[in-house]
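Below are the structure tokens for one structure; questions will follow.
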Amino acid sequence: MASRQMLQSLLPSARMKHVARSHLFLHPKAGLRRNGFWKETMQSDVLVFDFQDGCPPGMRSTVAEGLGLAHITYPNMKLSVRVTELERDETHESGSTILDELSVSMKQKQVYWIMLPMCDSVDDVKEYINMINYIDPSWLTQHGGLQIICETPLGLKNLQDILGNHKEIKGVIAGGGDYFRFAQCENNLLLPQFRWDVLNACLCHGVVPIDSPPLAVGLECGLAERHFQSAHDSGFRSGVLLHPLQTKIANNIFSPCPDKVEEYKEEIYPWLEKRQTGYKLNSGNDFVGPPHMKQKHWYLKHHDNIRGKATTHIESVDDTVLSRVPVLLSEAKSMNCGFEGGEDTNTTEFLNTLVMISLSTTCHPRHNDLIANLGFSNVKVSPNKSYHDARYVSSQIIGRRQTSSGHVIVTAKVQILDESHQTLCELERRLVERKLEFDENADEGMYSHLSEDLKNHKRMTVERVESMIDQSTLIESKSIKSVSTGIHYQYCDLLHLDAPLHHVEEPTVPSTLHLSHHALDDFENLSFKNITFHAPMKSGVEYIATTYVVRDMEVEEDDDSTWHLSVLRDGEGKMFSSALFQASV
């Protein structure tokens, strides 16, 4: 069908479709620790570990070690691994070089693609597939996919056959560097033709074309920007990068222009409704027809696919936020005889955790699409770490599910980081957001590299909380009054919380201010398993905070903490929030 030959907006694996504007090749040592370019590296859509040309002699073990640590160094990032070419494979008693590389790669669950170099034929790809299936026959059908680099004359000649015979291939990289080495020509002469041949083969088979990299950093001279723009104008929406500082440029160029998006939206709705064709009335020469409008429709889909799904966002922490948020939280608590307000606030563990959680809410680029905050889970503050050291907030989408009402529940992993990008606090956040109109992948589920615990997360419903209370012992009950509208609006302005629900006639109290009303100031070694908001809190309302010891929940050996449950209700018994946590008094 003709429609199947449209340029693919997202790069698929066996289970998911991913934003893939930028494929950044990593330095051989990059996976070992978070370095000075970590922030820019995390902004790339796909990170590539390289066992081939980018791996100097003697450093294959270093790449393998970094790949094994990738879930720590680059948590939740989508990874691809370029393995050694077939003609350089070396056998040994237990296998071969490529088998070793594939085995290491497939053990790392964040690896979604294996990148195959120097493939001349259908049989070359089949040889790699046989090795992958030998290690794990389900990997290509249940988790990952292949990318190939088209970089030889025979590979280009046979590309149509290769893609036609191997549906496991999800992306093709235009390997200009090696191809023009074979041809012994200037790449700027034949690059347009080379790109076209790769692009057309990909369009024929529904595979994503990925452009070759600029062969210099090219930031100040503009070479990188010109290269990516040329690729974009040639039909590519994805490219290979060799330096982290190229990431922002590539992502911007391969993303739709915001001004065009607004212009196209005004034009697309009448066409989708009436499918009118012909010349615009009184325009002179403006023609409206399927080729033009379908291209604009694709453009809008591409925009919403990226905006709804772009996984990683990193923001710097403002010093004013660090100084003022604890004061506002303290003022809210002091209304109910909690910790005292003021610039020299005594930082209890609860306050320290609250500030960390408040920072996690700031890294949400679509905050004006927020409908509700469902809660947080697995809130872990690193031992002896303070919010005073926070410098960055990293937020990564790890799953999306569309609700029966048409909204989207977005699960994100959030980390609060210090100056060296080390983790101070991490948590999962679940928000209900407005579905973007042209987003076609909103109901994609949880990503397959995640733990079973995360993938099978179940919301703490009111019924579940009531059942736990039946098996618990009440240790405290306290009347409290919710935060004033004055503090509410100061807090929203400080953190730029512009979601409409915070600014209506009876605004919803933001999640961290809501949580601060729980009476948890005297607890130590706090570790929240689950925080759920069951109903929106309003300002100036009386509530009752109750705390329980939960029986029959296991703790680790030699751990003297106890499981507790804190519940916030109004005077009529309606539940507004609950928090399940481990702590010692």
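Name the residue that is farthest from Ser330 (Cα to Cα), counting only residues in the stretch 466-488 that are open to solvent by 70 Å² or more (accessible area, probe 1.4 Å) and without any contact (Cβ under 8 Å) to a residue 60 or more places away in the chain.
Only one residue fits best here, namely Asp470.
How about the stretch 211-295: which helices (runs of 4 or more DSSP H) wholly inside it have at least 1 residues that are at pLDDT below 90, open to solvent by less than 50 Å² (accessible area, probe 1.4 Å) and not acidic (Asp, Glu)?
258-274
For residues that are open to solvent by less than 30 Å² (accessible area, probe 1.4 Å) and aromatic (Phe, Trp, Tyr), scanning just the stretch 376-430, find the one that is farthest from Leu513 (Cα to Cα).
Among residues in the stretch 376-430 that are open to solvent by less than 30 Å² (accessible area, probe 1.4 Å) and aromatic (Phe, Trp, Tyr), the one farthest from Leu513 (Cα to Cα) is Tyr387.
Moving on to the next point. Sort out for me the strands (runs of 3 or more DSSP E) sitting completely within the stretch 340-425 that have 2 or more residues that are over 18 Å from the mean Cα position of the chain (by Cα).
Of the strands (runs of 3 or more DSSP E) lying wholly inside the stretch 340-425, those with at least 2 residues that are over 18 Å from the mean Cα position of the chain (by Cα) span 370-381.
Using the structure shown, decide if Arg21 is open to solvent by 10 Å² or more (accessible area, probe 1.4 Å), modelled with pLDDT of 95 or more, among the basic types (Lys, Arg) and under 24 Å from Asp304 (Cβ atoms).
yes
How many residues does the stretch 48-89 contain that are closer than 11 Å to His27 by Cα and part of a strand (DSSP E or B)?
3
Got at least one residue in the stretch 146-160 being hydrophobic (A, V, I, L, M, F, W, C), modelled with pLDDT of 95 or more, in contact with a helix residue (DSSP H, G or I) (Cβ under 7 Å, 6 or more places away or on another chain) and in a helix (DSSP H, G or I)?
yes
Among the residues of the stretch 573-585 satisfying the criterion of being in a loop (DSSP other than H, G, I, E, B) and either at pLDDT 90 or above or open to solvent by less than 30 Å² (accessible area, probe 1.4 Å) (or both), which is nearest to Ser477 (Cα to Cα)?
This residue is Gly573.
Among the strands (runs of 3 or more DSSP E) confined wholly to the stretch 480-572, which include 2 or more residues that are in contact with a strand residue (DSSP E or B) (Cβ under 9 Å, 6 or more places away or on another chain) and closer than 21 Å to Glu428 by Cβ?
In the stretch 480-572, 524-533, 562-570 are the strands (runs of 3 or more DSSP E) which contain 2 or more residues that are in contact with a strand residue (DSSP E or B) (Cβ under 9 Å, 6 or more places away or on another chain) and closer than 21 Å to Glu428 by Cβ.
Output yes when any residue across the stretch 457-465 is within 29 Å of Leu79 (Cα to Cα) and either open to solvent by less than 10 Å² (accessible area, probe 1.4 Å) or of a type in the set (Lys, Arg) (or both), and no when none is.
So far as the stretch 457-465 goes, yes, one or more of its residues are within 29 Å of Leu79 (Cα to Cα) and either open to solvent by less than 10 Å² (accessible area, probe 1.4 Å) or of a type in the set (Lys, Arg) (or both).
Quick grid of which residues meet (1) of a type in the set (A, V, I, L, M, F, W, C); (2) more than 27 Å from the chain's Cα centre (by Cα):
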site: His503; (1), (2): no, yes
site: Pro507; (1), (2): no, yes
site: Ser511; (1), (2): no, no
site: His514; (1), (2): no, no
site: Leu520; (1), (2): yes, yes
site: Glu524; (1), (2): no, yes
site: Glu542; (1), (2): no, yes
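Looking at the stretch 124-147, which of its residues are of a type in the set (A, V, I, L, M, F, W, C), open to solvent by less than 20 Å² (accessible area, probe 1.4 Å) and over 23 Å from the mean Cα position of the chain (by Cα)?
Result: Val125, Ile129, Ile132.
The values are calculated or read from the model by the stated rules, or taken from the named source; none is laboratory data. Worth saying up front: this structure is predicted, and the values here are computed from it rather than measured. FYI the Cβ positions are ideal-geometry reconstructions off the backbone, even for glycines, and counts take in every protein chain you see. Protein only, heavy atoms only, side chains kept; ligands, DNA and RNA dropped before computing areas. Shrake-Rupley method; radii C 1.70, N 1.55, O 1.52, S 1.80 Å.
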